[in-house]
Amino acid sequence: MLSKTEIKETIEAVQNGDAAAFETLYDAYSEAMYGISFKILKDRKTAEDAVQDAFVKIWSKIHSFDSTKGSFFTWILNINRNTAIDIYRKTSKKTLVSIQNESNYVTSKLGTTSQNTEQIGISDLLKVLPAQEQEIIEYMYFKGFTQKETAEALNIPLGTVKTRSRKALKGLKELFILLATWI
Amino acid sequence: MDIKEYIASGIIADYVFGSVSKQEHQEVECMSKIYPEIKAEITLIQEAIENMAINAKEKPSPELKQRVMKAIRATQQVKPNQNIIPLKTTPKKGSTKFYAAASILVLIALGTYTFFLRQDFNKIEFQNKLFVSKNDSLNRQLNQLQLENNYSNELISQLDNSLQFVTNVNTSRIQLSGTANYPDNQAEVYWNQSTSQTLFISKNLPELSINESYQLWVLIDGEPRDMGIIENNEAGDVSMMKTTNKANAFAVTIEPKGGSVVPTLEKLCLIGNV
């Protein structure tokens, strides 16, 4: 990862249209972006296309980055996630229409967390969280559902989604702080 | 407003994940400037996500880098004055152009209006002359028309004043949006930092019961200060408010008739950042 000063200098260079400086951003962030995109899209080729789209957006919108609203990494991750989710929505709409049948429907209704998250490698990432909290993060972050939609999809009360998502996010933060001190 | 309850509502996570409406987005942004607890919650979630992303790192194929570099070399950057509508007072690159364009539009609009008023005025004056040449019984009507002329003149000078205030470079326009409980409410504040003058324009403020009043507040470093009662709340009504030389945000609450010393946060119905 880059230091704060390096990030600041790189952003300024990129704002001046310096494509070479953009390589620094690519080297620093492409792996995290690809990791998240892959978990959203579950396909290497599509995930790489999403990362490419996201980088083009980052390049063209670099002037609208506002450091008072959060870190540069957060800004990049949001663009990356939203790009991947847009693609996911477009493709899943198509597949839903074509593959949805009764057995599919039943599976998705009853679908256990371990199965769903295993399939896309999210459970590895979130394994320290209780299964129920993994599920919430999967829906909210990796599928782009709002809390209300998550509640409907999982057929649990909205209040439960709210409590679980807060617990999960707190858990994630504390966990990674722990990891960082160990490593 | 109960901040703990607001945070527990989960809106912050939806905000960070980008799944909120524009209105909610602005609301959370405003609230985060006023309440450090909300800012802290936003930071917590952003850091949790950043940590998760670092942990999720995976190597894409080596060709991707060349593809990305090729794609960005073929892409134009969006320059700051192309897509951003600056509503803030802090001078930013490009905002001068925006203000110039906006001022010209306002000038043309008000100029046209003034032109028509002047034309009316000319007509009335011409008619006056006709009346004078006729008989005394028409004199009363003449007086009446003279009054109308004065009124038109007064209106013209009022418009000139408003125009000067609104187009002044130090005047900023602050859009106030309804909060979650009052989503349809809308108003605008024009605030001149150098003269401290503050103008409130009602856009959509529902009628209150006779025991209540709308009250404007200015937030300075998180502290609310009274800016006076809004007497006229019909759409388009303009009220001159108290003066302030500093402002981070403006907010409107519903208070008991005559206003309060401290804002009732449960009845916060409009808010907008400077």
*Membrane-span-like helices in chain B: DSSP H runs reaching 24 Å or more (Cα, own axis), mean Kyte hydropathy at least 0.0?*
B:36-55, B:95-133
*Computed over the Cα atoms, what is the radius of gyration of chain B divided by 2.2 N^0.38 Å, N being its residue count?*
1.39
*With a Cα-only, solvent-free Debye model of segment B:95-167, what are the log10 I(q)/I(0) values at q = 0.14, 0.23, 0.27 Å⁻¹?*
-0.55, -0.96, -1.13
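Between B:Q141 and B:T243, what FRET efficiency follows from the Cβ-Cβ distance if R0 is 56 Å, with the result rounded to 0.05?
0.85
Can you give the FRET efficiency to the nearest 0.05 for B:I156 and B:Q77, using r as the Cβ-Cβ distance and R₀ = 45 Å?
Details: r = 46 Å, r/R0 = 1.02.
That pair, B:I156 with B:Q77, gives E of 0.45.
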*Give, rounded to the nearest 20 debye, the magnitude of the charge dipole that the protein assembly as shown has about its Cα centre when Lys and Arg contribute +1 at Cβ and Asp and Glu contribute -1 at Cβ.*
1060 debye
*In nm, what is the difference between 0.36 nm times the number of residues separating B:K97 and B:N232 and their Cα-Cα distance?*
45.2 nm
*Taking the simple approach of a point 7 Å from Cα along Cα-to-Cβ for both B:Q164 and B:D184, what is their distance in nm?*
3.9 nm
*Report the FRET efficiency, 1/(1 + (r/R0)^6), for A:T91 and B:Q23, where r is their Cβ-Cβ distance and R0 is 41 Å, rounded to 0.05.*
0.85
*What is the extension gain from A:K170 to A:S64, computed as 0.36 nm multiplied by their sequence separation minus the C-alpha to C-alpha distance, in nm to one decimal?*
35.2 nm
*So which aspartates and glutamates pass the test for A:K4, namely a Cα distance under 13 Å, with those fewer than 8 places away in the same chain ruled out?*
A:E12
*Residue-span extension gain [B:D120 to B:K57] - 0.36 nm each, minus C-alpha spacing*: 15.5 nm
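Using the structure shown, list the pairs from A:K127/A:K173; A:K39/B:K57; A:K143/B:K4 with a Cα-Cα distance above 19 Å, or answer none.
A:K143/B:K4
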*Among the lysines, which fall within straight-line cross-link reach of B:K97, defined as a Cα-Cα distance under 26 Å, with same-chain neighbours fewer than 8 residues apart omitted?*
A:K57, A:K61, A:K69, B:K22, B:K79, B:K88, B:K246
*What residue among B:F121, B:F165, B:F98 shows peak mean-square fluctuation when chain B is described by a Gaussian network model with Cα springs under 10 Å?*
B:F121
*Kirkwood Rh, Cα atoms: Rg over Rh of the protein assembly as shown*: 1.10
*When only DSSP loop residues count, what GluC sites (Glu not before Pro) in segment B:210-274 have their Cβ near at most 15 other Cβ atoms within 10 Å?*
B:E231, B:E234
*Quick one: what do you get for segment B:123-274 if you divide its Cα Rg by 2.2 N^0.38 Å?*
1.39
*Evaluate the Debye formula for segment B:232-274 with equal point scatterers sitting on the alpha carbons, no solvent, and hand back log10 of I(q)/I(0) at q = 0.21, 0.24 Å⁻¹, in q order, two decimals.*
-0.95, -1.19
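Bear in mind these aren't lab numbers, they're just calculated from the coordinates by the rules spelled out. It should be emphasised that the depicted structure is a prediction, and the values quoted were computed from it without experimental measurement. Don't worry about glycine lacking a Cβ; one is built from the backbone with ideal geometry, like all the others, and counts go over all protein chains shown.
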